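The values are calculated or read from the model by the stated rules, or taken from the named source; none is laboratory data. Only a predicted model underlies this, so the values are computations on that prediction, with no experimental measurement involved. Because the Cβ atoms are built from the backbone with ideal geometry, glycine has one as well, and the counts that use them run over all protein chains shown. Surface accessibility is based on the protein's heavy atoms, side chains included, excluding ligands, DNA and RNA. Shrake-Rupley method; radii C 1.70, N 1.55, O 1.52, S 1.80 Å.
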Amino acid sequence: MKTIERKQGFDTLRIHAGYDPAQHNGSIQVPIYQTAAFDIGSPERADRLIKFEEVGLLYTRVGNPTLAALEARVAALDGAVAAVSVASGMAAVSYALLNAAEGGRVIAAAQIYGGTYDAYKKIYPNLGVNIDLVEDVNDLEAIQRLITEDTRAILIESISNPINVIADIQAIADLAHKNGLPLIVDNTLATPYLLNPFEYGADIVVYSATKALSGHGSVIGGLILESGKFNWLAGRHPHFEKKVFTFGERNVVETFPDFPFIGRVRTHYLALLGASLSPFDAYLILQGIETLTERVKKQSESAQKIAAFLSSHPKVSWVSYPTLDNSPYKELAKKYLPKGAGGLFSFGFKGDKEENYRFIKSLKLFSYHANLGDARSLVINSPRTTHHELSEQEQIQSGITADTIRLSIGLEDVEDLIADLKQAFDN
Ligand SMILES: *Cc1c(COP(=O)(O)O)cnc(C)c1O
């Protein structure tokens, strides 16, 4: 083995972290361990595995070498102590939220992914987890006012989908910690390349790997990461203090002292609710991550140019790209997104519904579908699709006006994308 002395950079880690070919017959690519279960060896070993005295592979629902390589790689990119992969971004958000807040309340941003918002209403309250919405995620006084003795976590997006609200992560994390609360950050739009929320005090980070992390529109997946710094035994999280029979009458922190949150997601949510990622899908995500830097860098550069083009177009009433001169998030973007603001943003289309539909139908390069972070450029009318679950009032609260059109900028030549938008406006 070569010894590596200096701390490796992001671009080295995204190719090499979490995988040693020598442990896998020299296979250069991470092999797809397409198996449901692993040979236990002996009843004595089974005894140790079952009691968590030995860490080992048993069953792919709770662990698999291909998934482990993905988890270790993404953990390395964000400097997390541990990560767990799950079957979708929604599974990542919901497992993280429930694991933090069982039996209590969560303060959550109103400007957020449509599916997450919909679950605030349809799912969590029925499971005993109540959501207190904060309309402006950066209104610290409003957050403080919402904190009660039952509050168990704060959930935000670093860059919100679809209107690019940039959260002041450091300020929100400080407030959370002063109140004994963990901060959960959905970092899907930023990706580890643009922003590492742990550097600003986030305790838990979640990703939809479906988006720019994998980057080719070919897979559904998600990840949850843990900083390892939050104290879950300070009184607000009784479910972390509870002695668990299968842990030998220890609590989850005693069982997994370095990564109690991920340990609990794995042994409770993955083991018992079961949304595990398939090894093949983990392989696709790993392959996507190998080119994360180049893709997100180009998407950010192209998005900036396209946002500038749209800002001066007569049929556009507003553009949400955070690095534009007139953006209310320009200063926060300077602090949190010095490498670029990503490939996704929205704009206001001037015109009636018929003209709006004609514009979308006239686009030839932009495909009309709901994903984002794809190599292909995408267009969607969010209020009627990705955020259709929200009532008119809720859409206003989330900052999604009826004229909103969302773009996800891909890897095509930016001149061709601008030409496509131009001809569609003129149509
Ligand atoms: C897409 C998305 C999700 C959900 O991820 P899936 O992989 O589609 O389940 C969650 N959060 C954000 C910010 C997203 O963009």
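Out of the residues in region 207-262 that are within 24 Å of the chain's Cα centre (by Cα) and hydroxyl-bearing (S, T, Y), state the one that is most open to solvent (accessible area, probe 1.4 Å).
S218
All but one of (1) closer than 26 Å to K297 by Cβ; (2) within 16 Å of the ligand (Cβ to nearest atom) hold for F198, so report the exception by its number.
Condition (2) is where F198 drops out.
Out of curiosity, is G9 under 21 Å from the mean Cα position of the chain (by Cα) and of a type in the set (G, A, S)?
no
Would you tally the residues in region 156-171 being within 20 Å of S320 (Cβ to Cβ) and either open to solvent by 20 Å² or more (accessible area, probe 1.4 Å) or aliphatic (A, V, I, L, M) (or both)?
Count: 8.
Is there any pair with a first residue in region 228-255 that is part of a helix (DSSP H, G or I) and a second that is β-branched (V, I, T) whose Cβ atoms are under 7 Å apart and which are 6 or more apart or on different chains, and what are they?
Listed pairs, sorted by first residue: F240/V252; F240/V253; F247/T255; V252/V244.
Which condition breaks for K330 when tested against (1) modelled with pLDDT under 95; (2) touching a Pro at 6+ places or on another chain (Cβ under 7 Å); (3) more than 18 Å from T188 (Cα to Cα)?
(1)
Which condition from (1) of a type outside the set (F, W, Y); (2) open to solvent by 30 Å² or more (accessible area, probe 1.4 Å); (3) under 25 Å from W232 (Cβ atoms) is the one that I143 breaks?
It is condition (2) that I143 fails.
Tell me which residues, restricted to region 29-59, are assigned to a loop (DSSP other than H, G, I, E, B) and either small (G, A, S) or touching a His at 6+ places or on another chain (Cβ under 6 Å) (or both).
P31, A36, G41, S42, G56
Which count do you get for residues in region 274-297 that are charged (D, E, K, R) and buried (at least 19 other Cβ atoms within 10 Å of the Cβ)?
2
Which residues, taken from region 201-213, are within 12 Å of the ligand (Cβ to nearest atom) and either on the phi > 0 side of the Ramachandran plot or among the aliphatic types (A, V, I, L, M) (or both)?
If the condition is that a residue be within 12 Å of the ligand (Cβ to nearest atom) and either on the phi > 0 side of the Ramachandran plot or among the aliphatic types (A, V, I, L, M) (or both), then V205, V206, A209, A212, L213 are the ones that fit.
Which one of these is touching a strand residue (DSSP E or B) at 6+ places or on another chain (Cβ under 6 Å), modelled with pLDDT of 95 or more, assigned to a helix (DSSP H, G or I) and surrounded by 13 or more Cβ atoms within 10 Å (Cβ to Cβ): A80, A92, A108, A76?
When all the criteria are applied, what remains is A92.
Taking the options R358, R406, R376, R384, name whichever one is among the basic types (K, R) and free of Cβ contacts under 8 Å to residues at least 40 places away in the same chain.
R384
Which one is farthest from the ligand (Cβ to nearest atom) among residues in region 172-193 that are part of a helix (DSSP H, G or I), farther than 15 Å from S227 by Cβ and open to solvent by 10 Å² or more (accessible area, probe 1.4 Å)?
Among those residues, the one meeting the criterion is K178.
Can you tell me which residue within region 121-140, out of those that are outside any helix (DSSP H, G or I) and farther than 30 Å from T323 by Cβ, is least open to solvent (accessible area, probe 1.4 Å)?
Applying the filter and picking the extreme gives V129.
If the requirement is being over 20 Å from the mean Cα position of the chain (by Cα), closer than 21 Å to P257 by Cα and more than 16 Å from the ligand (Cβ to nearest atom), which of these qualifies: I40, I50?
I50
For region 273-286, does any single residue satisfy the condition of being free of Cβ contacts under 8 Å to residues at least 60 places away in the same chain and more than 16 Å from L189 (Cβ to Cβ)?
No - not one qualifying residue is present in region 273-286.
Looking at T60, is it away from the ligand (no atom under 16 Å from the Cβ), in contact with a Pro (Cβ under 6 Å, 6 or more places away or on another chain), open to solvent by less than 20 Å² (accessible area, probe 1.4 Å) and modelled with pLDDT of 95 or more?
Here the answer is no, as T60 does not meet what is asked.
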